[in-house]
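First up is the structure itself, then whatever we jot down about it.
Nothing in this text is a laboratory measurement; each read-out follows from the coordinates by a stated rule. As the structure is a computational prediction, the values presented were derived from the model and not from experiment. Quick reminder, even Gly has a Cβ in these numbers, built from the backbone with ideal geometry, and neighbours come from all protein chains shown.
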Amino acid sequence: MFKGSIVALATPFKNDQVDKERLLKLVEFHIQEGTDGIVPCGTTGESATLSHEEHKEVVTRVVEAVNKRIPVIAGAGSNCTRESVELARHAKKVGADAILAVTPYYNKPTQEGLYAHYAAIANEVDIPLIPYNVPGRTGVNLLPETVARLAMIDNIVGIKEASADLRQQSKIVELCRHDFALLSGDDFTLLPTLSIGGVGVISVVANIIPKDVANLVREFNKGNFEEAKKLHYKIFPICEAMFIETNPVPVKEALGMMGMILPEVRLPLVPLRDTNREKVQEVLHTYGLV
């Protein structure tokens, strides 16, 4: 169920408030362009600076707008287990199809602590759960052996793996049950992840080029490996541009250039530097997006 191109949806702001009108337009854009799933209130959705009320409202509005046309995997991550449980309960209540929960940041729990964190969420809320491993942001690495333990819990159904470590991803595939979904959490490694048994991506660049990201996965699954490789190298400059500064600053700037949202971010994030803005614009122009 959770496979293909799943967009890590940017949260649009207007005058430091969630821009509800543009949020709903983004949802329709992704459904029309063939995106396979939507993650509201993840890292790209600036969950760290959304209030609990805003977080819940964004999830609710996205679930309602999608209306079961594609899966909604609601962000429910926190470095506080109780808070993750609360967000998971809300996601289930409003009809989300699953939750995505990042490894607890700053606390730096042990592997046993990470296991206990996810097991507690899974046991408290009967909803499919996808852990999100991104050591570069959180300071902890969810090791394959711990992932394998978590995969034995029925409603822990996959992992968003953003370590960019193909050896670690391979070990996850080796150790976990056959239907446990390995999702790339790094746009650069989508094609390599598919080649070792991954089933898709939770993507930043899909915010602006959803059709190409979705088609890369589809062509690979059809066995059209040369076409998938062509799409990988076509997308590659966009991947580089979208991480020229901290995500989601570049992707919101790009969406702004495309006229889809205002490029507002919340402190401590700040707008792109002028030189990097010019580089993003040049890449988008070359790609034919502006």
Practice problem: Please work out which residue is surrounded by the most Cβ atoms within 10 Å (Cβ to Cβ), limiting yourself to region 268-290 and to residues that are without any contact (Cβ under 8 Å) to a residue 60 or more places away in the chain and closer than 21 Å to PHE29 by Cβ. | Solution: VAL280
Practice problem: Test LEU231 against the criterion of being under 29 Å from VAL290 (Cβ atoms), buried (at least 17 other Cβ atoms within 10 Å of the Cβ) and touching a His at 6+ places or on another chain (Cβ under 7 Å), and give yes or no. | Solution: no
Quiz prompt | Hits in region 223-261 (condition: among the small types (Gly, Ala, Ser) and without any contact (Cβ under 8 Å) to a residue 40 or more places away in the chain) | solution = GLY223, ALA228, GLY256, GLY259
Quiz item: Given the conditions (1) part of a helix (DSSP H, G or I); (2) buried (at least 18 other Cβ atoms within 10 Å of the Cβ); (3) of a type in the set (A, V, I, L, M, F, W, C), which single one is not true for VAL265?
Solution: (1)
Quiz item: Quick one: is PRO104 under 23 Å from GLY45 (Cβ atoms), surrounded by 16 or more Cβ atoms within 10 Å (Cβ to Cβ) and in contact with a Cys (Cβ under 9 Å, 6 or more places away or on another chain)?
Solution: yes
Exercise. With respect to VAL204, determine if the residue is over 30 Å from GLN281 (Cβ atoms), touching a residue at least 40 places away in the same chain (Cβ under 8 Å) and not hydroxyl-bearing (Ser, Thr, Tyr).
Key: no
